[in-house]
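Engineer: The structure's right below; bear with me while I get my questions together.
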Amino acid sequence: MCGIIGHVGNGDAIDTLLTGLENLEYRGYDSAGVAVQNGSGIEIQKRSGRVSELKASIEDRPLRGRVGIGHTRWSTHGPPTDENAHPHTDSTEDVAVVHNGIIENYAELKERLSARGHEFTSDTDTEVIPHLIQQYVDEGYGNEAAFRRAVEELEGSYAIAVMLSGEHTLYAARQGSPLVVGVEGEEFFLASDVPAFLEYTDTVAYLEDGDVAIVDPDGVEFTDLEGDSVDRDLETVDWDPEQTGKGEYDHFMLKEIDEQPTSLAQTIEGRIDPERGAIDLEGFEPGTFEDVSSVQLIACGTSYHAALYGSLVLNAAGVSARALLANEYSVCAPPVDEETLVIAVSQSGETADTLSALRQATEEGARTLTVTNVVGSTAARQADDSVLIRAGPEIGVAATKTFSSQAVVLELLAHRLTRDVVGETPYDLESYLPALARLPQQVDDVLEESDAERIARHYRDHESYFFIGRGLGYPVALEGALKFKEITYEHAEGFASGELKHGPLALVTPKTPVFAIFTGQEDERTLKNAEEASTRGAPVVAICPDGHRATEIADAHLEIPDTEPELAGLLANVQLQLVSYHAADLLGRPIDKPRNLAKSVTVE
Ligand code: M6R
């Protein structure tokens with residue numbers, strides 16, 4: 001949510017900043033701006049709208065400088081106007097700041113600074129930061145001391161990057177929002193997320209909460225807020241810049257849907273051995289979870305649907321597990337103790353609601369584990385253990401390939417957990433492991449042969465779209481509906497199929513297509529529910545293998561290959577991803593950047 005980029009080096013900063021903002025646009029796209037040191041002071045261009053609009057305006061009025069900061073915004077305080085776009089400055093424009101997160105005590109700081117004559121021009125919480133720094137400079141503090149003094153007073157969550165007029169230095173601080181430094185020879189980068197500067201370097205150091213980084217042409221210094229040096233190791237990230245580009249695709253979403261054969265192969269690589277009948281999740285030896293008596297899975301959005309999927313597998317195998325919305329955890333968390341394993345599921349590892357729930361679980365004494373896609377993410381570092389889903393970078397705001405990889409990792413974890421807790425595995429390994437090994441190829445087959453585009457076209461003018469499933473088909477129904485509403489802006493709901501008759505059936509008409517997911521678990525009952533909708537005139541689209549009984553009553557069919565019930569839902573989900581994608585494309589929606597949303601939601 002919101003993207004930060006910074007550059008210090010010998011070359012011109014503008015290209016790096018604009019490339020960084022384009023790479024980060026998935027984090028927010030309400031407004032964008034840059035600030036550079038141009039030799040005589042700080043020069044800023046910022047505006048509401050997309051990075052492309054900022055770029056066009058910079059082409060008309062070029063900016064130059066070797067040091068600069070940039071920001072792409074997802075609005076929290078104040079609408080997406082030119083005034084509210086970052087960077088923000090003090091009244092003299094000698095201090096420029098970009099910020100992600102929320103300054104909780106901004107009202108109090110603003111009142112204090114206003115009383116001392118500071119004039120504010122935006123509705124943002126961020127604007128207090130440059131004014132506060134300038135206030136300390138005016139009181140005689142040096143630039144660095146003024147920066148530290150101001151940061152000490154901030155309450156809330158933040159990643160900030162600051163530039164002061166006349167200095168080739170960037171000051172940065174992190175508390176609760178990610179920041180990473182990239183190094184390539186004498187060029188230095190600062191960003192909220194690695195893809196921002198992946199074209200330039202893969203050598204990075206992550207800031208921890210409470211860290212300050214001072215970046216100048218001589219290097220980077222990491223300290224705590226008091227100025228004591230801290231060690232932050234340089235690491236190499238193994239993401240390829242090509243992975244973060246769109247390639248020949250019109251949209252990241254379709255590229256990422258199509259990447260699932262590869263991402264799933266990466267997810268399972270070295271972790272399963274069908275011949276030996278073994279599942280081997282690195283770092284989780286037999287007995288790792290023998291003290292666990294119950295499991296809670298916390299997550300939001302698509303990750304919550306994967307968490308629900310994982311909880312159902314665990315429950316079916318005799319391990320007590322609950323999936324909980326992380327944003328509800330503070331008010332609905334069941335009790336935990338040291339025998340409770342709390343699993344945070346988060347693609348980004350930076351979702352504020354999930355981090356907050358994870359913190360709560362830790363404070364209350366639970367054991368914690370994170371399932372994430374991002375090495376070094378806050379959730380990975382905050383939990384006792386972590387497992388990577390290895391899906392590769394996901395840029396489209398709609399989560400696609402990461403859902404399937406999360407579900408598979410949770411299934412692998414479920415094996416270890418149930419073995420340790422109840423002495424059994426949830427699966428018939430002789431059939432499950434070969435099926436899991438086949439999954440990437442089966443996803444490829446679905447992608448090759450899908451009829452989703454035709455079906456999306458056929459049902460484009462309907463009123464509401466319902467998705468139903470039972471057992472492991474239920475989280476897939478929820479995910480199908482979330483994807484559909486998120487990128488088409490059409491009304492869509494997911495239901496447990498048996499729940500239709502308890503209320504939602506009242507909404508069913510010939511204008512409400514029902515997508516029915518058949519996973520091989522109690523399909524006869526799901527079929528009955530689909531028939532109940534069909535009887536009321538709703539067109540039914542059955543997602544099931546060829547020759548399945550559902551195809552006899554359905555108006556349309558999206559085929560999935562035969563597989564185990566634990567994997568069928570993942571194949572059905574690929575069909576539903578394609579339906580949503582094509583429906584949104586036909587409607588001309590901005591698929592990778594749906595309105596009002598952002599990839600990583602770093603505010604609660
Ligand atoms: O990074 P996370 O997995 O924690 O993100 C959670 C949700 O914000 C995310 O899954 C969201 O629901 C997706 N954009 C939906 O496609």
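Engineer: For the range 465-574, give me every one of the strands (runs of 3 or more DSSP E) that falls completely inside it and has 1 or more residues that are β-branched (Val, Ile, Thr). Explain how you work it out, then say what you get.
Structural biologist: Working: elements: 491-496, 514-517, 540-544, 556-559.
Result: 514-517, 540-544.
Engineer: For the range 98-134, name all the residues that are touching a residue at least 24 places away in the same chain (Cβ under 8 Å) and assigned to a helix (DSSP H, G or I). Please lay out each step first, then the result.
Structural biologist: Narrowing the range 98-134 to residues touching a residue at least 24 places away in the same chain (Cβ under 8 Å): 98-106, 109, 118-119, 121-131, 133-134.
If the condition is that a residue be touching a residue at least 24 places away in the same chain (Cβ under 8 Å) and assigned to a helix (DSSP H, G or I), then Tyr106, Leu109, Val128, Ile129, Pro130, His131, Ile133, Gln134 are the ones that fit.
Engineer: Also, I was wondering about something else. Filtering the range 342-363 down to residues that are acidic (Asp, Glu) and under 16 Å from the mean Cα position of the chain (by Cα), which residue is surrounded by the most Cβ atoms within 10 Å (Cβ to Cβ)?
Structural biologist: Kept after step one, since they are acidic (Asp, Glu), are these residues of the range 342-363: 350, 353, 363.
Retained after the next criterion (residues that are under 16 Å from the mean Cα position of the chain (by Cα)): 350, 353.
On the way: Glu350: 26, Asp353: 23.
So, considering only residues that are acidic (Asp, Glu) and under 16 Å from the mean Cα position of the chain (by Cα), the one surrounded by the most Cβ atoms within 10 Å (Cβ to Cβ) is Glu350.
Engineer: Suppose we keep only residues that are free of Cβ contacts under 8 Å to residues at least 60 places away in the same chain and surrounded by 24 or more Cβ atoms within 10 Å (Cβ to Cβ) within the range 181-193. Which one would you say is farthest from Thr19 (Cα to Cα)?
Structural biologist: Top of the filtered list is Val181.
Engineer: Then there is this: Quick one: would you say Gly270 is closer than 19 Å to Thr372 by Cβ and surrounded by fewer than 19 Cβ atoms within 10 Å (Cβ to Cβ)? Spell out how you get there, then give the answer.
Structural biologist: Values: closer than 19 Å to Thr372 by Cβ: yes; surrounded by fewer than 19 Cβ atoms within 10 Å (Cβ to Cβ): yes.
Taking the combined requirement at face value, the residue satisfies it.
Engineer: Based on this model, can you work out whether Asn327 counts as in the same structural domain as Thr425 (by TED's automatic domain parsing), under 17 Å from Val476 (Cβ atoms) and part of a helix (DSSP H, G or I)? Before the answer, list the steps.
Structural biologist: Numbers: in the same structural domain as Thr425 (by TED's automatic domain parsing): yes; under 17 Å from Val476 (Cβ atoms): no; part of a helix (DSSP H, G or I): yes.
No: the conditions fail for Asn327.
Engineer: Now for a different question. How many of the residues in the range 23-60 are touching a helix residue (DSSP H, G or I) at 6+ places or on another chain (Cβ under 8 Å), in a helix (DSSP H, G or I) and buried (at least 19 other Cβ atoms within 10 Å of the Cβ)?
Structural biologist: Residues meeting the conditions: 6.
Engineer: Looking only at the range 280-305, count every residue that is among the small types (Gly, Ala, Ser) and either away from the ligand (no atom under 16 Å from the Cβ) or closer than 17 Å to Ser320 by Cα (or both) and tell me the total. Walk me through how you get there before you give the answer.
Structural biologist: Within the range 280-305, the subset among the small types (Gly, Ala, Ser) is 283, 287, 293-294, 299, 301, 303.
Now drop any that are not either away from the ligand (no atom under 16 Å from the Cβ) or closer than 17 Å to Ser320 by Cα (or both), which leaves 283, 287, 293-294.
Looking only at that region, the number is 4.
Engineer: So, one more: Of all residues in the range 241-296, how many are in contact with a Leu (Cβ under 8 Å, 6 or more places away or on another chain) and under 30 Å from Pro594 (Cα atoms)?
Structural biologist: 7
Yes/no matrix, rows are residues, columns are (1) farther than 28 Å from Leu154 by Cβ; (2) at pLDDT below 95; (3) among the β-branched types (Val, Ile, Thr); (4) touching a Ser or Thr at 6+ places or on another chain (Cβ under 9 Å):
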site: Asp218; (1), (2), (3), (4): no, yes, no, no
site: Trp239; (1), (2), (3), (4): yes, yes, no, no
site: Glu256; (1), (2), (3), (4): yes, no, no, yes
site: Ala265; (1), (2), (3), (4): yes, yes, no, no
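Engineer: Then there's this: Considering only residues that are under 15 Å from Leu369 (Cβ atoms) and away from the ligand (no atom under 15 Å from the Cβ), look in the range 323-341 and name the one that is surrounded by the fewest Cβ atoms within 10 Å (Cβ to Cβ). Lay out the reasoning, then the answer.
Structural biologist: Of all residues in the range 323-341, those under 15 Å from Leu369 (Cβ atoms) come to 323-324, 326, 336, 338-341.
Now drop any that are not away from the ligand (no atom under 15 Å from the Cβ), which leaves 336, 338-341.
Details: Val336: 20, Glu338: 12, Glu339: 14, Thr340: 21, Leu341: 27.
It comes out as Glu338.
Engineer: If you take the residues in the range 566-603 that are away from the ligand (no atom under 12 Å from the Cβ) and at pLDDT below 95, which one is nearest to Ala496 (Cα to Cα)?
Structural biologist: So, considering only residues that are away from the ligand (no atom under 12 Å from the Cβ) and at pLDDT below 95, the one nearest to Ala496 (Cα to Cα) is Arg595.
Engineer: Given the criteria surrounded by fewer than 24 Cβ atoms within 10 Å (Cβ to Cβ) and polar (S, T, N, Q), does Ser431 qualify? Reasoning before the result, please.
Structural biologist: Values: surrounded by fewer than 24 Cβ atoms within 10 Å (Cβ to Cβ): yes; polar (S, T, N, Q): yes.
The answer is yes for Ser431.
Engineer: Looking at (1) part of a helix (DSSP H, G or I); (2) in contact with a Phe, Trp or Tyr (Cβ under 7 Å, 6 or more places away or on another chain), which is the one condition that is false for Ala456?
Structural biologist: If we test Ala456 against (1) part of a helix (DSSP H, G or I); (2) in contact with a Phe, Trp or Tyr (Cβ under 7 Å, 6 or more places away or on another chain), just (2) comes out false.
The values are calculated or read from the model by the stated rules, or taken from the named source; none is laboratory data. Remember, it's a predicted structure, so these values are computed and weren't measured experimentally. Here the Cβ is made from the backbone with ideal geometry for all residues, glycine too, and neighbour counts use every protein chain on show.
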